[in-house]
Amino acid sequence: EAGVVQSPRYKIIEKKQPVAFWCNPISGHNTLYWYLQNLGQGPELLIRYENEEAVDDSQLPKDRFSAERLKGVDSTLKIQPAELGDSAVYLCASSSGATSTDTQYFGPGTRLTVL
Amino acid sequence: SQQGEEDPQALSIQEGENATMNCSYKTSINNLQWYRQNSGRGLVHLILIRSNEREKHSGRLRVTLDTSKKSSSLLITASRAADTASYFCGHSGAGSYQLTFGKGTKLSVIP
């Protein structure tokens, strides 16, 4: 079974430029998460989807971040414009259910560097 | 913001030794989970312990939970070089789906 796929794995951009990250969850997983992981820290939730609906985006900085999950499968996370402080790893995870006991499967992440 | 803390922040041991790392949290929980993250990779789920459980085992892993002290520990027995990774605990409150992670413990197992 294929795991969670993310692309690109690495991205280097200059500040004020836009950037987008893509995630393909495990087949059949209705719940999808985007996390932000700063160096030396644990992941912090940005947004959670159940199918195509964003059921929790309370921690997503909406002035510059946006996300979508069209058709309830793949998802894209966008930053526009990027700031220096956005340099981090962006992790996507998926699970078959929506409760906290449903195991979350993580992708390898996209490491973003903003210059 | 993160509401859990792992201790120690870094741990270096010889292969074959046991490794113990601890996790503390501040709120009431429904369950607590331990994850491993190899360098440059995503997190991998290791074990889940529910709030009404005190101990769970999985292979060389042993997890304990003390809800009165709001703490958990992960013991890795007979460590191997391949156990070198960062270990995170994530906890979830009652009625919440959300996992809140700590800063992790970076474990180095020296061959």
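Taking the condition within 29 Å of A:ALA98 (Cβ to Cβ), aliphatic (A, V, I, L, M) and outside any strand (DSSP E or B), does B:ALA78 pass?
So B:ALA78 fails the test.
Would the stretch A:103-115 turn up any residue that is of a type in the set (Lys, Arg) and within 27 Å of B:LEU48 (Cα to Cα)?
So far as the stretch A:103-115 goes, no, none of its residues is of a type in the set (Lys, Arg) and within 27 Å of B:LEU48 (Cα to Cα).
Would you check which residues across the stretch A:66-115 are assigned to a strand (DSSP E or B), of a type in the set (Val, Ile, Thr) and within 11 Å of another protein chain (Cβ to nearest Cβ) and list them?
A:VAL89, A:THR110
Output yes when any residue across the stretch B:37-53 is of a type in the set (D, E, K, R), closer than 26 Å to A:GLY97 by Cα and part of a loop (DSSP other than H, G, I, E, B), and no when none is.
yes
Select from the stretch A:44-65 the residues that are among the basic types (Lys, Arg) and more than 12 Å from every other protein chain (Cβ to nearest Cβ) and list them in ascending order.
Answer for the stretch A:44-65, where residues must be among the basic types (Lys, Arg) and more than 12 Å from every other protein chain (Cβ to nearest Cβ): A:LYS62, A:ARG64.
When you go through A:SER75, A:SER94, A:SER58 one by one, which is the residue that is in contact with a Cys (Cβ under 6 Å, 6 or more places away or on another chain) and within 21 Å of B:TYR97 (Cβ to Cβ)?
So the residue among A:SER75, A:SER94, A:SER58 that is in contact with a Cys (Cβ under 6 Å, 6 or more places away or on another chain) and within 21 Å of B:TYR97 (Cβ to Cβ) is A:SER75.
Which one is nearest to A:GLN59 (Cα to Cα), of the residues in the stretch B:47-104 that are among the charged types (D, E, K, R) and within 14 Å of another protein chain (Cβ to nearest Cβ)?
Across the stretch B:47-104, the extreme among qualifying residues is B:LYS103.
I'm checking my understanding of the structure. Among residues of the stretch A:1-43 that are surrounded by fewer than 17 Cβ atoms within 10 Å (Cβ to Cβ), under 24 Å from A:GLY85 (Cα atoms) and within 12 Å of chain B (Cβ to nearest Cβ), which one is farthest from the chain's Cα centre (by Cα)?
A:GLY40
Could you give every pair whose Cβ atoms fall below 9 Å, whose first residue belongs to the stretch B:68-81 and is farther than 22 Å from B:ILE110 by Cα, and whose second residue is basic (Lys, Arg), counting only separations of at least 6 or pairs across chains?
So the pair list comes out as B:LYS70/B:LYS26.
Give just the number: which of (1) surrounded by 17 or more Cβ atoms within 10 Å (Cβ to Cβ); (2) modelled with pLDDT of 95 or more does B:ASN30 not satisfy?
(2)
From the residues in the stretch A:54-65 that are surrounded by 14 or more Cβ atoms within 10 Å (Cβ to Cβ) and either in a strand (DSSP E or B) or of a type in the set (S, T, N, Q) (or both), which one is nearest to the chain's Cα centre (by Cα)?
A:PHE65
I'm trying to understand the selection: among the residues of the stretch A:87-105, which are of a type outside the set (A, V, I, L, M, F, W, C) and in contact (Cβ under 8 Å) with a residue 40 or more places away in the chain?
A:TYR90, A:SER94, A:SER95, A:SER96, A:GLY97, A:ASP102, A:GLN104, A:TYR105, listed by residue number.
Quick one: is B:LYS56 under 14 Å from the mean Cα position of the chain (by Cα) and either farther than 17 Å from A:PRO43 by Cα or in contact (Cβ under 8 Å) with a residue 40 or more places away in the chain (or both)?
Judged against the criteria, B:LYS56 is a match.
The values are calculated or read from the model by the stated rules, or taken from the named source; none is laboratory data. What you are looking at is a predicted structure, and each value in this text was computed from that prediction instead of being measured. Virtual Cβ from ideal backbone geometry, glycine too; neighbours counted across all protein chains shown.
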